[in-house]
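Peer 1: What follows is a structure written as structure tokens; I'll ask about it next.
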């Protein structure tokens, strides 16, 4: 799994990248009450707005860690946005993306680098 400084995570499996927000991001947001997902087929750019998450505290954009095309969205989040709180780095994923360049993931932080980044925020 790879991470961005905006607290998104990305996991490559079988040529498709699953994307969500990190446990740290969820902790900062508080209870997620609504998730707005993009349309399937939407092309996104690296660091471009991809989705919206609303919590009791704030509304925040979710950015694409890499460029690509949305091939699936987590429809379960419409009925149960709390999945993001319960399982941010597994069942609470947002989208699946066909990457324009899978090697772009290599530029993102690994878990150890992300953990060190988060520690530096405190």
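Derivation of every value follows stated rules applied to the coordinates shown; laboratory data play no part. What you see is a predicted model; the values in this text were computed from it and never measured. Don't worry about glycine lacking a Cβ; one is built from the backbone with ideal geometry, like all the others, and counts go over all protein chains shown.
Peer 1: Under a point spin-label approximation (7 Å from Cα along Cα-to-Cβ), what is the residue 101-residue 87 distance to one decimal in nm?
Peer 2: About 3.4 nm separates the two model spin labels.
Peer 1: Suppose a student asked you for the relative contact order of the chain, using Cα pairs under 8 Å spaced at least 6 residues apart; what percent would you report? It would help to have the intermediate numbers written out before the result.
Peer 2: Values: 269 pairs, mean separation 38.0, N = 122.
Relative contact order, the chain: 31 percent.
Peer 1: Any chance you could get the radius of gyration and Dmax over the Cα atoms of the chain, in Å?
Peer 2: 13.3, 38
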